Every structure is written in C-alpha cells, then in structure tokens.
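The values are calculated or read from the model by the stated rules, or taken from the named source; none is laboratory data. Keep in mind it's a predicted model, so treat the numbers as computed, not measured. Here the Cβ positions follow ideal geometry from the backbone for every residue, glycine too, while neighbour counts run over all protein chains shown.
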C-alpha cells in the first residue's frame, strides 16, 4: 500500500472528491458529497473535513463535526460521511481515515464519536463495526446510532 495522508479540502481536491466512485449498491446509503461540504460553510468552527490522498491522488473523503451545539446529543460529536473510491476500498483507506478522526476527537478532549447509518445489506454497518463503532441506539427515522469510545 502506498503512503496515505490527510489534506484539507481545497479547490485542488474538491473535484476529485466529488468524482469518487462507489461500488454497485452503495449509492443508496450516501447523500451527495456536496451536502457534506456545505456543512463547512454553515458551521466552520465545528466541522472537520479531510481528503485522503496517496501517491496516485485522491482516494477518499471524511467529514465530521465536534461540539457544534447540536439540538440532539448524539449529533454533538459525529462522523457525517466517509467515502472511499470503489477501486481503493479494502486496502485500509477507511480505517486510516477513521483512526485520524478518532485521534482528532481525542485531541479536542472528547470521549466518543458517533456515526449514523442506514442498515442494509450493501451498507456500511460491517465496516463501522470493524473500525470500533458499537450500536447504542436508533434515530426516530430508523438509522442506527453507533459509538466509538475513546
């Protein structure tokens, strides 16, 4: 595996992030990347977005928010999205990104990070379990609330 690193979302990387491909069936579990990018404009102080790159270019994107004073407790420290290009899935890119996110949360003095996901056969549930998230509840819309303790 080539060296993975995080860079900030920028004019140089945004087009590549928007063009990340998905495996068949994954699209139903993911809103367009532009929705997540818009969060930075709405609340730049609490939003954390990074692009995952290797020697070949952009391979993924991760977006979270920390302590934004959300109306619902489980949204105060939350992983909003993680995209790994279809060709790069299964080689540790997602794990690398989540570990970086959890490290960032620790550096901010947090004790957990949540993620919300829709359960389903081609969904992200197995991935989130592998990287340390444990289901702790459900939203009123039926999404799973899972937590990684730090």
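Per-structure values
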item: Single unsatisfied condition, residue 36 versus (1) at pLDDT 90 or above; (2) crowded, with 20+ Cβ neighbours inside 10 Å; result: (1)
item: Qualifying positions in the range 92-115 - surrounded by 19 or more Cβ atoms within 10 Å (Cβ to Cβ) and either under 10 Å from the mean Cα position of the chain (by Cα) or in a helix (DSSP H, G or I) (or both); result: 93, 94, 96, 97, 98, 101, 102, 105, 115
item: Any pair with Cβ under 6 angstrom, 6 or more apart, that starts in the range 1-28 at a residue that is within 24 Å of residue 123 (Cα to Cα) and ends at one that is surrounded by fewer than 16 Cβ atoms within 10 Å (Cβ to Cβ) and at pLDDT 85 or above; result: 21/86; 22/86; 23/86
item: Where a residue in the range 104-124 is free of Cβ contacts under 8 Å to residues at least 60 places away in the same chain and its partner, wherever it lies, is assigned to a loop (DSSP other than H, G, I, E, B) and buried (at least 18 other Cβ atoms within 10 Å of the Cβ), with Cβ under 9 Å and at least six apart; result: 110/76; 113/133; 114/76; 114/133; 115/124; 115/133
item: Failed item, numbered, when residue 92 is tested on (1) touching a strand residue (DSSP E or B) at 6+ places or on another chain (Cβ under 8 Å); (2) at pLDDT 85 or above; result: (1)
item: Filter result for residue 125 (modelled with pLDDT of 90 or more and surrounded by fewer than 18 Cβ atoms within 10 Å (Cβ to Cβ)); result: no
item: From the options 76, 87, 71, residue that is loosely packed, with under 15 Cβ neighbours inside 10 Å and farther than 24 Å from residue 5 by Cβ; result: 71
item: Selection count where residues are within 21 Å of residue 99 (Cβ to Cβ), touching a strand residue (DSSP E or B) at 6+ places or on another chain (Cβ under 9 Å) and in a loop (DSSP other than H, G, I, E, B), scope the range 48-83; result: 2
